[in-house]
Amino acid sequence: MWRLNKVRHKAGRQGGSSEELRLKRRENERALRQARRDRQLVSKRLLLNEDEEQPEVSMDTAPGHLLYKLQHNRPEKDAHLKALSKVLRDPSSQLIFIKHENSMHLLVGLLTGSDTQCRLQAVRCLHELSHSPHTNVAPACLPATPYLLTYLSGPSTKFTELCLYTLGNLCSDSDVVRENLLAQGIIPALANCMENQRHNLAVVEAAAFTLSQLLQTTDAAKKIIPMVLKSSLPSHLLSVLTSDPQFGLAPAIECAWCLHYLICSTEDNKELLAQHALSQCSSLLVSLGGAMTEGNTEEGLELLVWPLLRCVGNLSSSCPVEDLHAHLSDVHLVVSLCVLAQAYLHSQPALARETVWVLNNLTAHSTEFCSALLTLNLVPGLIQLLPFSQGINTMILRILANIAHKKKFCVQLVQLGLLSALCATLKMADQEMVVLSLDVLFMMIVNSPMVAEEFVRLGGLSLLEAIQYNGAAEMRQRSTYLLEKHFLSYQHL
């Protein structure tokens, strides 16, 4: 009943009247998650040779002069192409180059020639152009895209990498280029590339980057994602999400983000659920949580945790309630989520909040996960997070409400000190925290008669009376209802 809607624009499962009371808060939270998602913007990537220095543009290295040399000086074409690739790092030189007559025709000719080194340097020139800030440069590179796609099946890792990152850059901000690439078969080309190069981590990472660029575009939901879901790409992405250290962190990060973009742009995610995406992502989260418990942390690990959390959170809310346990049979997932929340609580509170959001989704309709939090003694740790702000405490209250909603757990919650914690949260200045606390208190009182007596013993009656006269309208309404319906006999003692 407390389940949140999904990251971005996805709609959550319909609920009852209690859901309607919280609609306004949920809309606000969805907007906050949308803002976080929007900060993961389309970005280009540039591969540079470590042994190269930044060029100084002179008459001899100007684009026009180098083009002339490439046309008339055959023995030194490799050197001239290398010089041209350096010059094309300058945005103004990029514009000069594409305005020269037959410049792209010449470059494509060298790209498709028999000289291996010239082909490599020609791709590097295209790669530099693909990184241009000028929007008219990418369409100028269209004559080369069919060949870049063809070369994705080549044996050279370095060459294939350059082709992939060039394609990813080109399709990120040009509708024309994107439409042409889709018509030329970029989706099956990426699928074949990931299949043939599945053990080559550098190529897998580059292919996933290119796919992520496509999936983040504004027309992805209608034009691109249906094609991707019908291809073998989802299974290739999932195969990279393994705890095997040989698969590497960087490819896993790119593949996890691709899955996130697929999930949050699809209505029911039946295809991904059928391919065990939920169990695969959650298993990796369990492994990461276990590694962090043992003190084994890798730099940049949070870049993988982010998309995995969103995948699990969104897929769990897509999954039919009756099928959830089949996809998430390992209740130790809640242990890993609690570990991750604690690990990032101070350094990255937004990530900690994302973690408890997933925990909220899991407990919303699963008695097994609620029971696991109690059995594994994780509730006291959650209660200790109630003083923390930035949305973490409100999400913790929602999780506790999920547990309290299951009647049989209320006595255990009282024994673990939840009523004392509610007495503290009812004094907070945050109106949302007070309203949520009143809601949790109501659930516990309705489900277990002894809760009211214990709450009075802790001095809670005076807190309700204070809220009744001094709180905002929503708070007054709830406190008045509680006092009149459940504490009336205690007020005359």
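Across the range 105-121, rounded Karplus estimates of 3J(HN,Hα) from the backbone phi angles (6.51 cos²θ - 1.76 cosθ + 1.60, θ = phi - 60°) give 4, 5, 5, 5, x, 5, 5, 9, x, 8, 7, 4, 5, 5, 4, 5, 5 Hz, Gly and Pro being marked x. Taken over the range 248-402, the convex hull of the Cα atoms encloses 106 Å³ per residue. Ignoring ligands, DNA and RNA, please state the percent of accessible area on the range 162-272 from carbon and sulfur, probe 1.4 Å. So the carbon and sulfur contribution to the accessible surface is 51 percent.
When you filter the chymotrypsin sites (Phe, Trp or Tyr not before Pro) in the range 119-206 for DSSP loop state and at most 12 other Cβ atoms inside 10 Å of their Cβ, nothing is left. Per residue, the solvent-accessible area of the range 267-349 (1.4 Å probe, heavy atoms of protein chains only, all protein chains present) comes to 43 Å².
Less than 12 Å Cβ to Cβ from Gly248, Lys/Arg counted +1 and Asp/Glu -1: what total charge do the surrounding residues give? After counting each charged neighbour, the total is -4. Rg and Dmax over the alpha-carbon atoms of the range 244-309 stand at 12.5, 38 Å.
Solvent-accessible surface of the range 360-493, averaged per residue with a 1.4 angstrom probe and all protein chains in place: 43 square angstrom.
Scalar couplings 3J(HN,Hα) for the range 304-310, obtained by applying the Karplus form with A = 6.51, B = -1.76, C = 1.60 to θ = phi - 60°, are 8, 4, 3, x, 4, 4, 5 Hz; x denotes Gly and Pro. The phi-based Karplus calculation (6.51 cos²θ - 1.76 cosθ + 1.60; θ = phi - 60°) puts the 3J(HN,Hα) values of the range 351-360 at 6, 4, 5, 4, 5, 6, 4, 5, 4, 4 Hz, whole numbers, x for Gly and Pro. Separation of the range 178-234 from the range 358-389 is 38 Å, based on Cα centroids.
Between Rg and the Kirkwood Rh of the range 364-439, both from Cα atoms, what is the Rg to Rh ratio?
Reported Rg/Rh, Kirkwood definition of Rh: 0.94.
Rolling a 1.4 Å probe over the protein chains gives His134 an accessible area of about 60 Å². Taking the accessible area of the range 327-483, probe 1.4 Å, and keeping the other protein chains in place, the carbon and sulfur fraction comes to 54%. Near Leu416, no amide H atom lies under 5 Å from its own; only residues 5 or more places off or on other chains count, and H is placed 1.01 Å from N.
The values are calculated or read from the model by the stated rules, or taken from the named source; none is laboratory data. Keep in mind that this is a model prediction, so the values were computed, not measured. Because the Cβ atoms are built from the backbone with ideal geometry, glycine has one as well, and the counts that use them run over all protein chains shown. Accessible surface areas use protein heavy atoms only, side chains included; no ligands, DNA or RNA. Shrake-Rupley method; radii C 1.70, N 1.55, O 1.52, S 1.80 Å.
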